[in-house]
Structures are given as structure tokens and as C-alpha cells.
Amino acid sequence: MAHSIPFSANSHASFFCLLIFVLIYLKGASVYGAKREHDKPYHVVNVKSLDPNPYCIESTKDQSKRESLKVVHRHGPCSHMNEAQTSAPTLAEIMSHDQVRVDSLQHRLRVKSDRNSLDDSKATLPVKPGRSIGSGNYVVTLGFGTPKKDLTLVFDTGSDVTWIQCQPCISCYEQQEPVFNPSASQTYKNISCTASQCFQDLKLGCTRSTNTCIYGALYADMSFTIGLYATETLTLTPSDVFPGFAFGCGLNNTGPGLFNGSAGLLGLGRGPPSFLVQTASKYGSYFAYCLPTLSSSSGTLVFGKDGGTTNSAGIKYTPLLTRSNSSSFYFIEVTGIKVAGELLPISQSVFNSPSTIIDSGTVITRLQPEAYDALRTRFQQLMMNYTMTQGPSLFDTCYNFSGHDTVEVPTISFVFGGNVEVPIPFPGILIGSQELACLAFAGNSDASDEGIFGNSQQQTLDVVYDVAGGKLGFGTGGCS
């Protein structure tokens, strides 16, 4: 039973004064009472959410459709590649590997693209995060051969050739599953030097004694793979099976940090040898993914428009651009960046020359120096409540939130061609932990280097590659 409490005139006045004070405080002040700009969009988050989650929580997205594959982060709690690991790589280690990848990508973008010079990316079906590569990339598990052998691969939108380690190894790095044995498969077949796949896709060389096509790939950290170019039956799901899939069967491979633990790489670039091109008759050069956060569980990788994992009604599309000398990459147009709802004063010419690619393997977004300077300056102005701290060499905007329960972080969104605004999820704004949380962007050292829209900024978004339609789509709330 409720009881009424009598109020005097003075108590009424005191109550309303207190109410007004509380309303003003909630509207305009931060949790800790420091000033912040009124009416600006902010994320209010528990600082514990910045720390890794040790538990695997399955995605709430529907994965019942046949073309939908489970995706996990290599460093995440749902990755079987994590089982033998005792500790995750540090932020500095992750960024060191990430910079190696970025250097490789930007070198390829500066010169005429060479399909044989693949870069260091990571992915597997289903997509899972893995520690052994040492940077924040995604893996999926595929079936090779007859009978099918499941193998975990790094998936990479910046590479074309799919390859796996094969027996008999001249030199193979350590991987989670047994190394694939071609002689145990009923459907394995080497590709001859005169076959169109050899001279059109690779143009590398042959073994004269057996007339067998040879492939090779060298990565920026000096990882490499060399072996036989062959065909095999590739299985995504029981109903999605591709006989005669061309791939590299690696006999001499090194993976110092980039591929250790995975069986190889799934190439999702735009070039002729890629999975996208080889399966175009079935999937129509269409795929989509949702990358889970490092602290959550799983996402999805979908092939074909009928995969059923993306909310088509909520997808906004920006044009996919091309460049004749860099045909493997997915170019997009960035027209602006917003912080706390306000468009930064960055000239359009800064984004147009050089351009920007979207990449599944790069961890944090790289911006043209002028664009990054504007983003960093405004972000720091709106975060003056909090204590800055020294971070790894790549970062200049880091915070220590120890002692706080919650923090208020200004929103960031990117504006792409066609006036498509994409809000960056909170995990793509700060990276690290509550003791060391850094702005998850970096500036290129050279103004002539391309921008790269990285996977941290893509987390939890539905990202749709409608390559045949010439457009790239973004939707919010794709996965946890």
C-alpha cells in the first residue's frame, strides 16, 4: 500500500529545484561532472566492455540458410584456434602485424597490381578470430577434397588466390588441423602448364618433368607459399559444393606470425583466380559478412543474394569503384567524417586523391594525414574529461579509464559516395582495454597513400558486396 507524503510549500520548491538540477545534469554533464558540449551524440558505455570477454556467446542472427557460414574472430572466445593459447597478443603486437599488412597493401596500390604478390590477410569459414596470426583478423572453415577435410582459412578481400598447405611438405608452418594430403583425395588434380587457369591466373612457371603449373605468393613480413596449382572439390555447406575449384597446394610455406595456426587463405578479391570469380555462376558475384567484435562470439559470411543473413531493407548502398591497375581491391569514395554529429572541415580533395579501399584484413582504419588530424583534434577536444596516456607507437590518442564505471565517447560516422552515412559501432572507435583505450584510427605517413577502411570499423555491421551491381552496402546491427 502506497503512503502519501505531505509537502509544504518550501518542500515543493526544494523538490522542483532538485528536479531541475538533476534534469540539467543528466542532459548536459558527463557521468563525472566534467563539462561536455550539450546536445552532442555520445556513446555511454561501461568501461568493462572494453576488456576481452572470455566467454563464447553465439550470434542471435539466423544462420539456418544454407549459404550462411559462421564467422569468428581469431582472438575471440569462439575460435578453436584459441584453445592452445595461453595469452592473447598485446595491442602493440597486433598493431605491429597490422602495419606490416598496411605497408604491403599500399605498396601494391602504388605500383601496378601483381596478382602473384598476395598480402598478409587472415580469414576462415566460419569466420573465427585467431591468436596465432597475431592481429585482429577473421577465419572461416571450408571442406577440401573427397572425402571432405575441414580446414580453417584466413579470409581476405585483398587477395585473389586461395591456397592451403599440402603434403608432402618441403617446409610447412604449424597449423591447427592436419595438413591436407592430396593423395588421399579422390578429386584432386594438378593443373597443367597449358591450361588457361595457369597462364591467365598466375603466369608463374611449370615443372618440366610433370608439366604442372606452379604458384607462389610472397608477403610483406617475408611469409611465403610456393607449390602446385591444382583443382579440388570445395565444400562450403552440404548443398554448396564446387568441383574443380582452382587453388594453390602449398609445399613450401612459412608463416612467422601471419598464418601460423590456419591452414591457408581464402581469396575474396576481385581478380580471376578468386573465390568470388570462380563461384560467380552460382552466387552472382555477391557476398556479405558481419564481423563480430573481439569480445563477442560469432558473425556470418553469406554468399549469394538468397543467403538470408542480411536485412536487405536496412542496407544503404554506395558505389563500388574500380582502378584498372589494382583490379583485386574494392575501392569506395569517402566524402566526409562526422564526430558527435558534426561534419569535420575536411576538403573533399583530401579523400579523392588518393582514394580509399575497404579491407577485411586491416585492423584499424588508415586515413589521409589531413583527415586524421581533423578527426584526432576534434575527438580530443570532446574527451578532455578523461586522462590521456601513452600508447603503442602507432597511436597518439589513448586514455586510461581506470577508476571510472562508465565513459562518454563521442560518436563517429563516415559519409560515403551517394550521401550514405554509416555510424561506426563503439568497438570501432576505441581499441584496447579500460587501462589503455586508443582511438582506433591512424594517419598515413604519406599523403599520397590510399586510405583503408579497416575491420574494426566494420564490426557488427552488415557489409554487402554486390560486385555485379557495382555497389557496396552497409547496415547496422548485423551481429553482436
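Observations on the structure shown:
- Peptides 48-57, 338-347, 438-447 ranked from most to least packed give 438-447, 338-347, 48-57, packing being the mean of other C-beta atoms within 10 angstrom over each peptide's residues.
- Solvent-accessible area per residue for segment 203-243 (1.4 angstrom probe, square angstrom): 47
- Classification of segment 422-478 by its C-alpha gyration tensor yields an oblate form. The axis ratio a/c (a ≥ b ≥ c) is 1.5 or more, and b/c is at least a/b.
- Seen through its C-alpha gyration tensor, with square-root eigenvalues sorted a ≥ b ≥ c, segment 393-460 comes out oblate because a/c lies at 1.5 or above while a/b is not bigger than b/c.
- Bins of 10 Å from zero: percent of alpha-carbon pairs in segment 374-415: 23, 55, 21, 1
- Placing one equal scatterer on every Cα of segment 315-445 and applying the Debye formula, the log10 ratio I(q)/I(0) at q = 0.14, 0.17 Å⁻¹ is -0.66, -0.94.
- Selection of GluC sites (Glu not before Pro), segment 376-461, meeting DSSP coil and at most 14 other Cβ within 10 Å: Glu435
- Segment 144-294 shape via C-alpha gyration tensor axes, a/c threshold 1.5: rounded
- Within the assembled protein chains, the solvent-accessible surface assigned to Tyr188 is about 50 Å², based on a 1.4 Å probe.
- Distance between the 7 Å Cα→Cβ label points at Thr322 and Asp405: 5.6 nm.
- Given Lys70/Lys316; Lys282/Lys305; Lys316/Lys338; Lys48/Lys70, the pairs whose alpha carbons are separated by over 19 Å: Lys70/Lys316; Lys48/Lys70
- From most to least packed by mean Cβ count within 10 Å, the peptides 423-434, 268-279 give 268-279, 423-434.
- Gained length - Asp51 relative to Phe242, 0.36 nm times residue gap less alpha-carbon distance: 64.7 nm
- Charge tally in the Cβ shell below 11 Å around Gln434, where Lys, Arg are +1 and Asp, Glu are -1, Gln434 excluded: -2
- FRET E, pair Gln167, Ser196, Förster distance 35 Å, beta-carbon r, rounded to 0.05: 0.80
- Where labels lie 7 Å past Cα in the beta-carbon direction, separation of Leu343 and Asp446 in nm: 3.1
The values are calculated or read from the model by the stated rules, or taken from the named source; none is laboratory data. No experiment lies behind these values; they were computed from the predicted model shown. Positions of Cβ are backbone-derived with ideal geometry, glycine not excepted, and every protein chain shown enters the neighbour counts. Just the protein is used for accessible areas: all its heavy atoms, side chains included, with ligands, DNA and RNA removed. Shrake-Rupley method; radii C 1.70, N 1.55, O 1.52, S 1.80 Å.
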